[in-house]
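A short worksheet on the structure shown next.
The values are calculated or read from the model by the stated rules, or taken from the named source; none is laboratory data. If you're wondering where the values come from, they're calculated on a predicted model, not measured in any experiment. Cβ atoms come from the backbone with ideal geometry, glycine included; neighbour counts cover every protein chain shown. Areas reflect the complete protein model, heavy atoms only, side chains present, ligands, DNA and RNA absent. Shrake-Rupley method; radii C 1.70, N 1.55, O 1.52, S 1.80 Å.
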Amino acid sequence: MTPDQIARRYEDLQGFELLDFAEAGVPLWQLNVEAVSVIRKGLQPIREFVLRSLVEGLHADDLVGFLGLEESIVRGALADLASDKFVAYGEEITITELGRKALTEGISTPSEEVLTILFDGITRKPIASLALDLAFPKEVEDGAIAEIPATPPVQPTIDDLSLPEIDQVLSDQPGRGDASRDVLRVKRIDRYKRVFRKVVVLIFRSRKGEIRTRFIANGVPDENLEQRFAEHGGNLRKGLVKAFSDGYIKSNVRSHLGQDVARRVLDQDDYLVRQRAVSLAALKVAAIRRRECAVDRGENSEDQRPTAEEIEAALKVEHEARLSLTQAPARPAAVYEVAEFLRRALSEAKTSISISTRGLAPHLVDRDFLGALERLLRRGVQVTILLNEEANQWRSRGKNWIQAFDALAKLSIEYPAALVVRENRERRYYHISWDNQVALVANRPMLSNHGRIRSFEQFAGFVINEAESVGAYLSRVAK
């Protein structure tokens, strides 16, 4: 699921309102730890077979025939076992207590080694790297993902490293073969490297002003992360959420819409009921599509494929739910609808698209976006993109940012009659609209963010469904 689909799925939290969401990075430290360990390895197969044969009472002279090996190989194995004091030579070759212990516990070897360990900056514990979707500091710097602060915001020390937890994490790592280890002592942390675990973060607020943060990892709520973040004061961190009163934010956006539209905005309670119906219907369709894809990939049997009637019924319910939202001249918008509307505009537009934004972020103005935009331009769809007059300053952020601006400029040269890129002075409210039939107006840039994301911001937005009002709005903001 995409981050906006995850936000839609988990938007309901009793007593709380969803303020914002983002794909985010949970802080991790990749540590190189100097440690003293005992490494246990299993015996080589031939040596193990020789020892087990002796335990069962076979004489050394019988081993060659019993094991079906050449005599030189058996004699060499016995010599190695004697060197390790696993067997003893006398009138007969016998297994020693050390050899019996090697059969049950393996061979133990003390070692000083450098271990690579991931340490979670929120749970303050070592974690296994299995099934983690990792991100790197560049993605945080570019604003592609939000940065969740470590709690507390300090590097781990040796005192934070529990030996049993390290042992457990190391035992879960792939590529260990038949070896195991017990860490006896951590000497020092030799190196720290910052990385991030990708999750989707949802920020909620109660009517009393309480902030709650939910972490969705691999499509599932991670309650341990949520609990630890709260326990360590993450929700109380100053600057985590830039929020004002609902009345202040929404009244300002209403004023921007114009009095005529603002008077006809759907009642908030009525909107929530209709929006929830859309969410449930959309999630049902998505689940059916996933089942269908799983069958196509051979992951599920053919009898689990959804029927044509089931698909048609689910699509009909979703269509009717969405239709109920479009019947109001204007309605409130949910924060996850920004991404949804951008996708819809690029796939549904037949005559025109209008987008306003503060800048151009490379993780949004990417290859997929530019490809979809060019396909529309080839069909003669009229595209207008309004950029804040200070947007070109963002080119100083680096190569990827420059490429986003240059790619759009190139398209405007190739399709001068279809693509218009203009500057404006708007810094607070942005929109996306297509075919002059619908427009989303919000306090969220449509093709950018505000750079590096260290804080979340209360979302406010409205959807205009009436063609005449959409046209009037676009004419006004284009001036």
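A few notes on this one:
- Label zone (V285, point 7 Å along Cα-to-C-beta; backbone nitrogen cut-off 15 Å) within region 297-324: 310-324.
- Protection proxy ranking of 86-94, 132-140, 118-126, by the mean of other Cβ atoms within 10 Å over each peptide's residues and highest first, is 118-126, 132-140, 86-94.
- Solvent-accessible area per residue for region 402-479 (1.4 angstrom probe, square angstrom): 45 Å²
- Cβ-based net charge around N235, under 14 Å, with every Lys or Arg adding one and every Asp or Glu removing one: +3
- Relative packing of 329-342, 289-302, 206-219, which averages over residues the other C-beta atoms within 10 Å, highest first: 329-342, 206-219, 289-302
- Computed over the chain, the per-residue total of -39500 (n - 2.57) for DSSP H runs of n ≥ 4 gives a 222 nm mean residue ellipticity of -12000 deg cm²/dmol, rounded to 500.
- Sulfur and carbon atoms: percent of accessible area, the chain [1.4 Å]: 50 percent
- Of the trypsin sites (Lys or Arg not before Pro) found in region 1-106, those that fall in a DSSP loop while having at most 12 other beta-carbon atoms within 10 Å are K85.
- 1.4 Å probe accessible area per residue over region 43-96, in Å²: 61 Å²
- Cut-off 19 Å (backbone N to label point 7 Å along Cα→Cβ of H319), residues of region 269-296: 277-289
- Against the criterion of solvent-accessible heavy-atom surface with a 1.4 angstrom probe, S129, S72, S37 sort, most first, into S72, S129, S37.
- Furthest towards positive pole of dipole, L28, L13, L163, structure part the chain, Cβ charges: L13
- Pairwise Cα separations in the chain fall into 10 Å bins from 0 onward with the following percentages, short to long: 4, 15, 20, 20, 14, 9, 7, 6, 4, 1, 0.
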